[in-house]
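To start, the structure itself, in structure tokens.
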Amino acid sequence: MVLLTALIRPLHARFGEPVDIVTSGPWSAPLLAGQPGVGEILSVRSRKTPYWLAPDQHRVVRRLRSRGVGPTWFCDANEAARPMLERAGIPDDYIVDVKDHPLEAGEHATEQWRRLADVSPKAPGVPPAAGAVAPGTYLRVTLSQEADLDGWLEARGLAGTPLVLIQAGNKRTMRRGLRRLAVNHKYWPVERWASVMLYLRARCPGHRIVLLGTGSEYRLNEELIAAARIPDVCNAADDLPIPRLIALLSRAVGLVTVDSGPAHAAAAVGCPLVVLFGRASPTLYRPWGTSGADVKVLTGRIGGEASMLGIAAAEVIEAWSTLRLKAGGAACPVSPAPRRAW
């Protein structure tokens, strides 16, 4: 959904109206509400639930009908939600379907969305507008988010202190004990995270380390803290709703993370980051924000296959040592990373 801001903004610029969004899951509304170019957000719990069992789909269809027929972008590779557009009376020739405009060689996901923004379904006389907005993703931090973050930082004893963030978990992290199994290709061992945390504390002694995540990742963060044996590390996974996370990312001097939603959100608010990739393609999904914040991408291989387990802690440390941190990171020395066997 962060990547889709690269489509929403040029559509807004092109048509001069907010872009209404139909989405599924709990994350989109708190992420996108109030963002530039975003209009009404309509949500269904699951696009795969049979229509006759889904009153939320009925509500969305009624709203789309009342809204009237107009240019529509279908951004889901899964066709499960397409019947809702048919039920709402939106003809096929009004729909730009992502499957009809596949990725070009070497194209980043945000570049694909910008390209689709200039496609014209039943919109004669409306000129292309992708060039009118900066490429990449963008999220705005509101005054209310800033105020909420200020109070939260004060309550946590973090106010006035430069912050270094770590996102070690992902949506599979604590799901039915699968964290260490091969199905979780974004798992990186606790001892390597501990080595990185020890380095960050030694390199940036005036900074506080904050561990991000959702509630289910709180226990993983506690494991990292116990392994690193570092005092004053903040485990924020118990109290980090999305609007607060976005504001926190905008304040931090930098982030170390697995390939994740927070990685893309960090780039979208201008937070420099080191990001570890597993099987996903960095060419396609490298975090890319409009601000041009520094992003260091790391990949590894095990047995000839792309694997996050092939990334050594020393590589993460080396990447951080050359990362261009935000203002507030000046207390971190800029000398080369020590050559140690982490």
Where a residue in the stretch 263-284 is touching a residue at least 40 places away in the same chain (Cβ under 8 Å) and its partner, wherever it lies, is of a type in the set (Asp, Glu), with Cβ under 6 Å and at least six apart: 272/294
The lone exception for residue 150 - which of (1) modelled with pLDDT of 80 or more; (2) assigned to a loop (DSSP other than H, G, I, E, B) it fails: (2)
Top-ranked residue in the stretch 123-147 [being of a type outside the set (D, E, K, R) and assigned to a helix (DSSP H, G or I); ranked as nearest to residue 249 (Cα to Cα)]: 145
The listed residue being part of a loop (DSSP other than H, G, I, E, B), at pLDDT 95 or above and in the same structural domain as residue 154 (by TED's automatic domain parsing), out of 243, 287, 262: 287
Contacts under 6 angstrom Cβ, first residue in the stretch 66-91 being assigned by TED's automatic domain parsing to the domain that holds residue 102, partner assigned to a loop (DSSP other than H, G, I, E, B) and of a type in the set (Gly, Ala, Ser), 6 or more apart: 71/123
Extreme residue, farthest from residue 24 (Cα to Cα), among residues of the stretch 57-82 that are among the hydrophobic types (A, V, I, L, M, F, W, C) and surrounded by fewer than 16 Cβ atoms within 10 Å (Cβ to Cβ): 69
Evaluation of residue 232 against (1) surrounded by fewer than 21 Cβ atoms within 10 Å (Cβ to Cβ); (2) more than 19 Å from residue 209 (Cα to Cα); (3) more than 13 Å from the chain's Cα centre (by Cα) (one fails), failing number: (2)
The stretch 37-55, residues that are surrounded by 14 or more Cβ atoms within 10 Å (Cβ to Cβ), touching a helix residue (DSSP H, G or I) at 6+ places or on another chain (Cβ under 6 Å) and in a loop (DSSP other than H, G, I, E, B): 37, 47
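The values are calculated or read from the model by the stated rules, or taken from the named source; none is laboratory data. All values derive from a computational prediction rather than experimental measurement. Neighbour counts are summed over all protein chains in view; Cβ atoms, including those assigned to glycine, are modelled from backbone coordinates with ideal geometry.
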